[in-house]
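The values are calculated or read from the model by the stated rules, or taken from the named source; none is laboratory data. The structure presented is a predicted model; accordingly, all values stated were derived computationally and were not measured. Every residue, glycine among them, receives a Cβ derived from its backbone with ideal geometry; neighbour counts consider all protein chains shown.
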Amino acid sequence: MEPNYSEYSIDELEGTLKTIDQLSYPQRTLRLKEEIKSRSLSSEINSTDVNEVIDLNEQFYKCPTCEMKIGFFSKTANSWGNQKVCPHCDSPFETTQNYKVFTLALIPMLVFHLLLLKPILESIGLSKWIGVGIIYGIIAFVSMRYRKVCSSKGN
């Protein structure tokens, strides 16, 4: 009679693998190794934090569920609130700011503003603050991400 390794605990599987005669039972040894491997993979997936899994699904102007592009000037992207609904698959998502990207883009954009944009705006008679608004708008655009909504329902 063949043992049912799916009913064994991980400790029992490892103990059985240590004591089994691998030359006499190569098929059982292979099944044991596969069961241990599948259990270790599933435990790694279950042990990851929910927020880490969600962060992997961040998208730059794409729906995190169906991965269809959502245009910057679309009605969905410009609706009020953080939670939005994809126009393609009707799944909810939320908008977030990636502060690492925001911070990394801030210094080069300010240098661009001081060296190029500000002198051009002042030479045509516009306020330098228009340039600051343009720069921060670009940085906000570049750092915006769409992310799946965490479900508050229990498993």
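Key figures
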quantity: F60 at pLDDT 85 or above, under 23 Å from G137 (Cα atoms) and either in contact with a strand residue (DSSP E or B) (Cβ under 7 Å, 6 or more places away or on another chain) or not hydrophobic (A, V, I, L, M, F, W, C) (or both); calculated: no
quantity: Within segment 85-155, helices (runs of 4 or more DSSP H) holding 2 or more residues that are in the same structural domain as F72 (by TED's automatic domain parsing) and under 21 Å from Y61 (Cβ atoms); calculated: 99-112, 128-143
quantity: Candidate set: segment 13-24, residues that are touching a helix residue (DSSP H, G or I) at 6+ places or on another chain (Cβ under 9 Å) and charged (D, E, K, R); chosen: the one farthest from I36 (Cα to Cα); calculated: D21
quantity: Failed item in (1) part of a loop (DSSP other than H, G, I, E, B); (2) modelled with pLDDT under 85; (3) not hydroxyl-bearing (S, T, Y), with N46 passing the rest; calculated: (1)
quantity: Test for T76: is it part of a strand (DSSP E or B) and modelled with pLDDT under 85; calculated: no
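For (1) without any contact (Cβ under 8 Å) to a residue 60 or more places away in the chain; (2) surrounded by 14 or more Cβ atoms within 10 Å (Cβ to Cβ), each residue gets a yes or a no:
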position	(1), (2)
T95	yes, yes
V101	yes, yes
L106	yes, yes
L115	yes, no
I130	yes, no
V142	yes, yes
R145	no, yes
